[in-house]
Amino acid sequence: MLRIRESVGPIRLIDARSDDPDAISARGRFDLDEGMAARISGEWYYGDDCVHILSMISSPVTTFNKLNAWVFKSPKRAKAIYPVMKFGRNIVLSVLGRRKISSMASKSG
């Protein structure tokens, strides 16, 4: 995150479960239970395209960042590895007892 800030400037993280207008817009465009989204310079990126673009704008200074850049700078590798990342995320959310974003939206609507 720090490396991306160094590359592009301020970043605003948004809780997809919040009532923030950008969170609501992202939920309306994408299934955030199935993937992450980012809006960069007014354009939306989702899923493996999102991690790919984030790797393109981060600087590969540390060993972790170099590995991350190598993995995700290739759209094919990002597409292949992204489902594993989603699986891991879903396990963590389950262990933490977090509900799916879609179930929260249906209860509030």
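For an R0 of 22 angstrom, estimate the FRET efficiency from the Cβ-Cβ distance between Arg89 and Asp15 and round to the nearest 0.05. Given R0 = 22 Å and the Cβ-Cβ separation, E is 0.90. In summary, the chain shows an alpha-carbon radius of gyration equal to 1.12 times the 2.2 N^0.38 Å reference for compact globular proteins. Be a star and scan segment 5-32 for residues whose amide nitrogen sits under 16 Å from the point 7 Å along the Cα-to-Cβ vector of Ser102. Once the point is set 7 Å along Cα→Cβ of Ser102, 17, 26-32 turn out to lie under 16 Å by backbone N, inside segment 5-32.
Between Trp70 and Trp44, the simple spin-label model (points 7 angstrom out along Cα→Cβ) gives 3.4 nm.
Read-outs throughout are calculated quantities, based only on the coordinates presented, and are distinct from any laboratory measurement. Everything numeric in this text was worked out from a predicted model, so none of it was measured. Don't worry about glycine lacking a Cβ; one is built from the backbone with ideal geometry, like all the others, and counts go over all protein chains shown.
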